[in-house]
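Single-structure report; data block below.
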Amino acid sequence: MEIGDYRRSDIVEERLKVFAIGDFETLLSPIHPKHSTMSPLSKLSLLILMVFISSAMASSDERVSELLSLQSRSKSGVIRLNDQSLARFLTSVKTPRPYSILLFFDAAQLHDKPELRLTELRNEFSIVSSSFLANNNPPNTNKLFFCDIEFKESQLSFSQFGVNALPHIRLIGPNMGLKDSESMDQGDFSRLAD
């Protein structure tokens, strides 16, 4: 649909640019010089859209800040997640997320099985996390977070990812869902050099 010489997509694009720089007076001004006023309903709709967009942007920034805070509290930088926090940082955030998560799946009750090497692999995961943080400063510029999840606390998450064997690591990129994330499972670990 066209309004005068403008296409609707041009108008939306123009208004989003104005919103991005925070020029709200221009944003609420008439769309086209031929239109002298905006109806109150149009202004209300536009304000609701602005609030929705700004809250979505703040929500993503808030989650990154929260992840950075959790990361700073961990000696190795590995963040412990559970079903609730995993939902907060992955499933309730629309893609593309402003970050990626490398997730180590753990089960304390299997640590006594030496053939799985879970304790050793978890320690190496912590070393890689520490090294990544030390070599990618400042921390707020890297958007990769190292996390782990424990089976007893997070059986639902194990099920959602389809994890039925350990060791298991997943990379959940900004555009990935749980099922289409990249996995490194038991077969991949057996090929690692000792």
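The values are calculated or read from the model by the stated rules, or taken from the named source; none is laboratory data. These numbers were taken from a predicted model, which means no experiment stands behind them. All Cβ positions, glycine included, derive from the backbone under ideal geometry; neighbour counts span all protein chains shown. Remember, those area values only see protein heavy atoms, side chains included, never the ligands or the DNA or RNA. Shrake-Rupley method; radii C 1.70, N 1.55, O 1.52, S 1.80 Å.
A few notes on this one:
- Residue that is least open to solvent (accessible area, probe 1.4 Å), among those in the stretch 162-177 that are under 17 Å from Phe89 (Cβ atoms) and outside any strand (DSSP E or B): Gly173
- Residue selected from the stretch 98-125 under the condition open to solvent by less than 10 Å² (accessible area, probe 1.4 Å) and in contact with a Lys or Arg (Cβ under 9 Å, 6 or more places away or on another chain), by the criterion farthest from Val64 (Cα to Cα): Ala107
- For the stretch 148-161, the set of residues classified as in contact with a strand residue (DSSP E or B) (Cβ under 9 Å, 6 or more places away or on another chain) and over 15 Å from Thr119 (Cα atoms) consists of Glu153, Ser154, Ser157, Phe158, Phe161, listed by residue number.
- Condition check for Lys143 on (1) within 15 Å of Ile172 (Cβ to Cβ); (2) open to solvent by less than 70 Å² (accessible area, probe 1.4 Å): one failure, at (2).
- Residue in the stretch 73-85 that is of a type in the set (Asp, Glu) and either surrounded by fewer than 16 Cβ atoms within 10 Å (Cβ to Cβ) or out of contact with any Ser or Thr (no Cβ under 8 Å at 6 or more places or on another chain) (or both) present: no
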